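Read through the structure below, which is laid out as structure tokens, and then see the notes.
The values are calculated or read from the model by the stated rules, or taken from the named source; none is laboratory data. Since we're looking at a predicted model, the values are computed, not measured. Using ideal geometry, Cβ is built from the backbone for each residue, glycine included, and neighbour counts are taken over all protein chains shown. The accessibility values were calculated without ligands, DNA or RNA, using every heavy atom of the protein model including side chains. Shrake-Rupley method; radii C 1.70, N 1.55, O 1.52, S 1.80 Å.
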Amino acid sequence: MLISVRSVECGVRSRPTDVGARVLNLSFRAPHSALRICLLLAACTPITTRPDFRPDPRALTVVLDARPERVTTVLDSLVAAESLEVARANVRDGYVETAWYDPQAHRTRHHEREITNLAATVKIRFWADPWVPGQTRLTTEPVYRPRYDPSRAERDLEVMASKEHAGYKIAQRLVDKLKQKFGVPKAAQEEGRPTPPPSPSPTPP
């Protein structure tokens with residue numbers, strides 16, 4: 001008796017021989033459709049080194065006459081010149097983040113247990129975003145934590161530093177150095193310039 005069995009679902013096929021013995025040819029088909037889906041998801045999923053939160057609305061903002069990748073590259077060296085350490089940086093993403101830094105002790109704090117003065121210790125984040133072609137909108141955010149709570153996310157405890165804070169002054173110096181190096185577009189200069197007071201009306205004779 002000749003018996004031939006084929007299963008399309010499993011990809012298994014059996015072929016008979018003249019002596020009644022069956023030789024099984026097993027062919028396993030790779031799940032190409034599943035592979036294509038995985039590749040498509042990987043291509044569409046954005047991979048970024050930026051944090052998953054937005055800058056504080058009170059952060060410093062400035063428009064610079066340079067592309068984001070140039071601004072990010074120079075920032076890396078400027079931060080080191082201020083004795084701060086870069087914790088995260090990515091030229092492609094236009095993002096730089098410093099480690100926690102104590103301006104009073106002039107020391108970087110790598111671990112939570114090293115932070116002795118929470119109110120003084122600061123972290124500075126920089127977002128370099130494209131503005132118009134050839135220009136960058138830089139957002140600079142100096143933050144500190146008034147208290148430490150390991151049960152809560154770090155971002156939930158962060159507070160934007162005031163203008164009197166030593167960390168804010170460091171951030172302002174970095175921004176000023178970038179402005180000196182790259183320049184500020186004329187339109188941005190006029191936008192930030194205070195409106196002059198109206199001219200006094202002539203006194204009637």
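Before moving on, here are some points about what is shown:
- Unmet criterion (only one of (1) closer than 22 Å to Thr72 by Cα; (2) touching a Pro at 6+ places or on another chain (Cβ under 9 Å); (3) not in a strand (DSSP E or B)) for Leu118: (1)
- Qualifying residue in the stretch 51-60 (condition: within 30 Å of Pro150 (Cα to Cα), modelled with pLDDT under 95 and of a type in the set (Phe, Trp, Tyr)): yes
Condition check ((1) over 18 Å from Arg109 (Cβ atoms); (2) open to solvent by less than 30 Å² (accessible area, probe 1.4 Å); (3) more than 21 Å from the chain's Cα centre (by Cα)) across all residues:
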position	(1), (2), (3)
Tyr144	no, no, no
Tyr148	no, no, yes
Ser151	yes, no, yes
Glu154	no, no, no
Ala161	no, yes, no
Gly167	no, yes, no
Ala171	no, yes, no
Leu174	yes, yes, no
Leu178	yes, yes, no
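- Flag if Thr61 is open to solvent by 20 Å² or more (accessible area, probe 1.4 Å), within 24 Å of Lys186 (Cβ to Cβ) and not in a loop (DSSP other than H, G, I, E, B): yes
- Between Ser77, Ser83, the distinction of being without any contact (Cβ under 8 Å) to a residue 12 or more places away in the chain and among the polar types (S, T, N, Q) belongs to Ser77 only.
- Taken over the stretch 104-135, the criterion of being surrounded by 13 or more Cβ atoms within 10 Å (Cβ to Cβ) and of a type in the set (Lys, Arg) is satisfied by Arg107, Arg109, Lys123, Arg125.
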